[in-house]
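A.B. asks: One structure is given below, represented as C-alpha cells, and several questions about it will come after.
Derivation of every value follows stated rules applied to the coordinates shown; laboratory data play no part. Being a predicted model, the structure only gives us computed values, none of them experimental. Don't worry about glycine lacking a Cβ; one is built from the backbone with ideal geometry, like all the others, and counts go over all protein chains shown.
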Amino acid sequence: MTNGDPYALARSDADLLRDRLGEHTVAVVLGSGWAGVGAGLGDVRADMAMSDLAGVPAPTVAGHGGTASSVDVGGVRTLVLAGRSHLYEGHPPSTVVHAVRSAVLAGCTTVCLTNAAGSLRPDVGVGTPVVIADHLNLTGANPMCGPEPPGPPGSRFTDLTRLYSPRLREAAGPDRVEGVYAGLLGGSYETPAEIRMLRTLGADLVGMSTVLEAIAAQHLGAEVFGVSLVTNLAAGLAAEIDHGEVLAAGAAAQDRLADLLRRVVAAA
Ligand code: HPA
C-alpha cells in the first residue's frame, strides 16, 4: 500500500466507488462516536465494505466501522464513510487520506470530517459538538510530502489559510461552539503537561485524526468542514480517560450530531 502512486490508487478506487454506489457531491467521514449518526442522516440507498477499496486496510480499533454508504440527505447524494485509518495504527499518511482522496476524485466537492476529541476547555463539556475553526497539525506527518502531486500549477504547497470553510461553519448554525483542533500522532492519550502545552499553543480540542484528511481534501479542491464531538475532558482536566466512555458519549449525542450534519450538507 505504501508503494506506487497513491493518486493512481485513489483514482481507481474513485471509479469503484462510482460503480458500486453512484455519484455523490458530499462525503461525510464518521469518526469514533459518530458511527450511529450515518443512518440518521437520511435514506441509505446502497452500501459496501470500505475494505473492498484497494487502498483501505481492515480497521483495527473497536468502535471504528468500515462501511461506505450512499445516503440521500434531504435530496443531496452523500457518500458516508464510516471508518477511517489512523497514523497510530502504523499506516502511512497516503493510506490515512486514501478514502477522502478517492471520494473527492469520485466527484465529491464537499468533505465533512467528524471525530471524537478531548476538550481543553472545562466550559466545553462531554457531548458538545465543536465546529473546527482551524487546526494545529502536530502529527509530524503531511499527506503532501512526497513527489510533486498531480494538480494545477501552484497546488504544490496548498494554501491552508481558509482550510475549514467559513461558509460551512456558518451553516452549522448560530449557536455553534467553535474551536482549534490539535491533531496528534496518537497511540496514547496525552499527559497533563502535554495538554497544558497544547492550551498554550491555542488548541481547544485534541485528537488523533482529521488534520491530514482536511489537507488532502483541500489540495484536491474540495470545500472542507470539520466537527469534533467532545467525548472527554483532556488529561489533567478530569479524572481519567476511558475508551468506553469515549464511545458512550457518542451514543448519547446522536440526534444533535445528525441535525448539525444535515444543516451543513444542505448548504454544500
Ligand atoms: N486525546 C486524544 N484523542 C482523543 C481524546 C483525547 O483526550 N479523546 C478522544 N480522542
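A.B. asks: Which residues in region 113-128 place their backbone N less than 20 Å from a point set 7 Å from the Cα of Ala248 along the Cα-to-Cβ direction?
C.D. replies: Residues passing the 20 Å test: 116-119, 124-128.
A.B. asks: Name the longest site-free stretch of the chain, where the excluded sites are GluC sites (Glu not before Pro) in a DSSP loop with no more than 16 other beta-carbon atoms within 10 Å. Walk me through the intermediate numbers first.
C.D. replies: Numbers: sites that count: Glu23, Glu240.
Of all site-free stretches, the longest is 24-239.
A.B. asks: Taking a quarter of the surface of the convex hull around the Cα atoms of region 6-267, what do you get in nm²? Intermediate values should be presented prior to the final figure.
C.D. replies: Numbers: hull surface 49.9 nm².
Taking a quarter of the hull surface, the average projection is 12.5 nm².
A.B. asks: Work out the length of the dipole vector of region 114-169 about its Cα centre, built from +1 on the beta-carbon of each Lys and Arg and -1 on the beta-carbon of each Asp and Glu, and round it to the nearest 20 debye.
C.D. replies: Values: 5 positive and 4 negative charges, 30 e Å.
Dipole of region 114-169, to the nearest 20 debye: 140 debye.
A.B. asks: May I pose another question? Fewest to most neighbouring Cβ within 10 Å: what's the order for Phe225, Phe157?
C.D. replies: On the way: Phe225 29, Phe157 8.
Sorted ascending by nearby Cβ count, the order is Phe157, Phe225.
A.B. asks: Just want the ordering: Thr25, Thr110, from fewest to most Cβ atoms lying within 10 Å of their own Cβ. Don't jump to the answer; show the numbers that get you there.
C.D. replies: Working: Thr25 14, Thr110 24.
Going from sparsest to densest Cβ surroundings: Thr25, Thr110.
A.B. asks: Let me ask another. How high is the relative contact order of region 6-267, given as a whole-number percent (alpha carbon pairs under 8 Å, six or more residues apart)? Intermediate values should be presented prior to the final figure.
C.D. replies: Numbers: 589 pairs, mean separation 70.6, N = 262.
Here the relative contact order equals 27 percent.
A.B. asks: Oh, and also: In percent, what relative contact order does region 177-265 have, based on Cα pairs under 8 Å that are 6 or more apart in sequence?
C.D. replies: Details: 66 pairs, mean separation 24.7, N = 89.
RCO, region 177-265: 28 percent.
A.B. asks: Dividing the convex hull volume of the Cα atoms of region 8-162 by its residue count, what figure in Å³ per residue is obtained? Before the final figure, lay out the partial values.
C.D. replies: Working: hull volume 21.5 nm³, N = 155.
Here the figure is 138 Å³ per residue.
A.B. asks: Could you list Ser209, Ser155, Ser188 so that the one with the fewest beta carbons within 10 Å of its beta carbon is first and the one with the most is last? List each step's numbers first, then the result.
C.D. replies: On the way: Ser209 28, Ser155 16, Ser188 12.
Fewest to most other Cβ atoms nearby, the residues stand as Ser188, Ser155, Ser209.
A.B. asks: Can you pull the one-decimal nm distance between simple spin-label points at Arg196 and Arg18, each 7 Å off the Cα toward Cβ?
C.D. replies: Distance between label points: 5.4 nm.
A.B. asks: Enter the Cα centre distance for the pair region 184-226 and region 90-143, rounded to the nearest angstrom.
C.D. replies: 7 Å
A.B. asks: Once R0 is set to 22 Å, what does the formula 1/(1 + (r/R0)^6) return for the Cβ-Cβ distance between Ala54 and Arg156, expressed as a FRET efficiency to the nearest 0.05? Intermediate values should be presented prior to the final figure.
C.D. replies: Numbers: r = 26 Å, r/R0 = 1.19.
Rounded to the nearest 0.05, the efficiency is 0.25.
A.B. asks: Dipole size in debye (nearest 20) for the chain around its Cα centre, Lys and Arg Cβ +1, Asp and Glu Cβ -1?
C.D. replies: Numbers: 18 positive and 27 negative charges, 78 e Å.
Using only the charged Cβ atoms, the result is roughly 380 debye.
A.B. asks: Here's something else I'd like to know. Taking the alpha carbon gyration tensor of region 222-268, what are the square roots of 5 times its eigenvalues, largest first, to the nearest whole Å?
C.D. replies: Numbers: eigenvalues 143, 34, 11 Å².
In descending order, the three semi-axes are 27, 13, 7 Å.
A.B. asks: Let me ask another. Which of Pro174, Pro150, Pro93 moves the most in a Gaussian network model of the chain with Cα springs under 10 Å?
C.D. replies: Per the Cα network of the chain with a 10 Å cutoff, Pro174 tops the list.
A.B. asks: With n ≥ 4 as the cut-off for DSSP H runs, can you work out [θ] at 222 nm for the chain, using -39500 (n - 2.57) per run divided by the number of residues, rounded to the nearest 500?
C.D. replies: Numbers: 9 runs with 80 residues, N = 268.
The helix-only estimate for the chain comes to -8500 deg cm²/dmol at 222 nm.
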